[in-house]
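**Student:** What follows is a structure written as structure tokens; I'll ask about it next.
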Amino acid sequence: MTAPSRPPSVDKLARSLNSSGLPHPICVDVARAAIEAGDPDSAARRADEFRRTLLTPVVNATGVLLHTNLGRAPLAHHQDASAQTVEFNLDTGQRGSRQAAVGQLYARLCGAEAAMVVNNNAAAVLLVVAALAAGKDVPVSRGESVEIGGSFRVPEVIEQSGARLVDVGTTNRTRLRDYEAAITRANVDAAMVLKVHPSNYRVEGFVEETSIADLATLDVPVVADIGSGLIDATVPWMKGAPPAWLAGEPAAVQAIADGADLITFSADKLLGGPQAGIIAGRADLVERCLQHPLARALRPGGLVLAALQRIALIYLDRQAGTEIPFWKMV
Ligand SMILES: *Cc1c(COP(=O)(O)O)cnc(C)c1O
């Protein structure tokens, strides 16, 4: 019989993991776990497993261009570690608006009066509904009461905003007169209508939706969550006709031109930017969003604002096809 061997020292085992490149405190945790499991030899494998839990560059070979699990639009952004005018007005020498620089560029890009930025499109919809419709009703087509990846669910967002969802029409067909009936119903106090693009599925056959242009004839503001942030349906930054897979994808310029009072979209889908949400449209409605207390909680940081500014300038320079990694990949 041999005497049971003493377990190796945690410190010695942790130091043997140095070549994993993991910080020492993590190596200590891994070594301790391996010893506690009675399997010190598993330490290297455990270190490797830990490393695989960290964010890692990968090749997107899924065939899905914008994969939420793989970070959506690929983007490199470098900026110097220098102070920048995030909330500073160079002309007055006073505090400025965090939203001014980027807001004016996205307004120009979308053909809208004004625009602002929040952390993602879910935040954009939440803020718009809270600012325009808290305590009031929001008619939404039953065909657009959707769930979109990562638990963005239209009824729940409206509830969180403090507004009440009013179901309109049917799952497959919703006409303008359905909205008119909902808005004029005695017990309904509609503050806006919300149109949502069902980005991740399609209903085919006996289907009908109400266009933004038709909704714009209603007496209440039309808010369109266009989702992917395609700036212009004519895709002027690509040679030739728009690719077939973009058919039916709502675009910012056309949604505003058709009469949407506000649009919201993600910045890290077809726009090709960092994770953010853009709200664009009527200046008075954007101002109500800016003034809402949630706007402070949902505001992006300087890194994201700088990346968004660069993306907007590239579009305005008509260089999106060659300068934005997502569109280069397309
Ligand atoms: C992707 C998407 C969202 C959610 O946007 P996030 O930026 O992920 O928060 C909401 N609405 C529509 C229509 C979408 O396509």
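The values are calculated or read from the model by the stated rules, or taken from the named source; none is laboratory data. Since we're looking at a predicted model, the values are computed, not measured. In this analysis, Cβ positions are derived from the backbone assuming ideal geometry, glycine residues included, and neighbour counts consider all displayed protein chains.
**Student:** Within segment 252-284, work out how many residues are aliphatic (A, V, I, L, M) and more than 24 Å from Leu70 (Cβ to Cβ).
**Tutor:** The qualifying residues number 11.
**Student:** Let me ask another. Out of (1) surrounded by fewer than 17 Cβ atoms within 10 Å (Cβ to Cβ); (2) in contact with an Asp or Glu (Cβ under 9 Å, 6 or more places away or on another chain), what's the single condition that is false for Ser9?
**Tutor:** (2)
**Student:** What strands (runs of 3 or more DSSP E) completely inside segment 153-235 contain at least 3 residues that are under 26 Å from Arg288 (Cβ atoms) and more than 16 Å from the ligand (Cβ to nearest atom)?
**Tutor:** Where strands (runs of 3 or more DSSP E) fall fully within segment 153-235 and carry at least 3 residues being under 26 Å from Arg288 (Cβ atoms) and more than 16 Å from the ligand (Cβ to nearest atom), they are 164-168.
**Student:** Sticking with this structure for a sec: Can Val64 be described as surrounded by 10 or more Cβ atoms within 10 Å (Cβ to Cβ), without any contact (Cβ under 8 Å) to a residue 40 or more places away in the chain, within 16 Å of the ligand (Cβ to nearest atom) and of a type in the set (Val, Ile, Thr)?
**Tutor:** Spelling it out, Val64 is indeed surrounded by 10 or more Cβ atoms within 10 Å (Cβ to Cβ), without any contact (Cβ under 8 Å) to a residue 40 or more places away in the chain, within 16 Å of the ligand (Cβ to nearest atom) and of a type in the set (Val, Ile, Thr).
**Student:** Here's a follow-up. Determine if segment 284-306 includes at least one residue that is touching a Leu at 6+ places or on another chain (Cβ under 6 Å), free of Cβ contacts under 8 Å to residues at least 40 places away in the same chain and more than 16 Å from the ligand (Cβ to nearest atom).
**Tutor:** Checking segment 284-306: not a single residue is touching a Leu at 6+ places or on another chain (Cβ under 6 Å), free of Cβ contacts under 8 Å to residues at least 40 places away in the same chain and more than 16 Å from the ligand (Cβ to nearest atom).
**Student:** Give me a count of the residues in segment 232-271 that are over 24 Å from Val222 (Cβ atoms), charged (D, E, K, R) and more than 19 Å from the chain's Cα centre (by Cα).
**Tutor:** 1
**Student:** Would you say Ala115 is of a type in the set (Gly, Ala, Ser) and away from the ligand (no atom under 16 Å from the Cβ)?
**Tutor:** In short, no.
**Student:** Does segment 123-145 contain any residue that is within 16 Å of the ligand (Cβ to nearest atom), part of a loop (DSSP other than H, G, I, E, B) and of a type outside the set (Gly, Ala, Ser)?
**Tutor:** Among the residues of segment 123-145, not one is within 16 Å of the ligand (Cβ to nearest atom), part of a loop (DSSP other than H, G, I, E, B) and of a type outside the set (Gly, Ala, Ser), which makes the answer no.
**Student:** Can you pull out every residue in segment 252-281 that is part of a loop (DSSP other than H, G, I, E, B), within 15 Å of the ligand (Cβ to nearest atom) and among the small types (Gly, Ala, Ser)?
**Tutor:** The answer is Ala260, Ala267, Gly272, Gly273, Ala276.
**Student:** Out of Ala33, Ala44, Ala37, Ala81, I need the residue that is within 30 Å of Ile324 (Cα to Cα), small (Gly, Ala, Ser) and either modelled with pLDDT of 95 or more or exposed (fewer than 14 other Cβ atoms within 10 Å of the Cβ) (or both). Which one?
**Tutor:** Ala81
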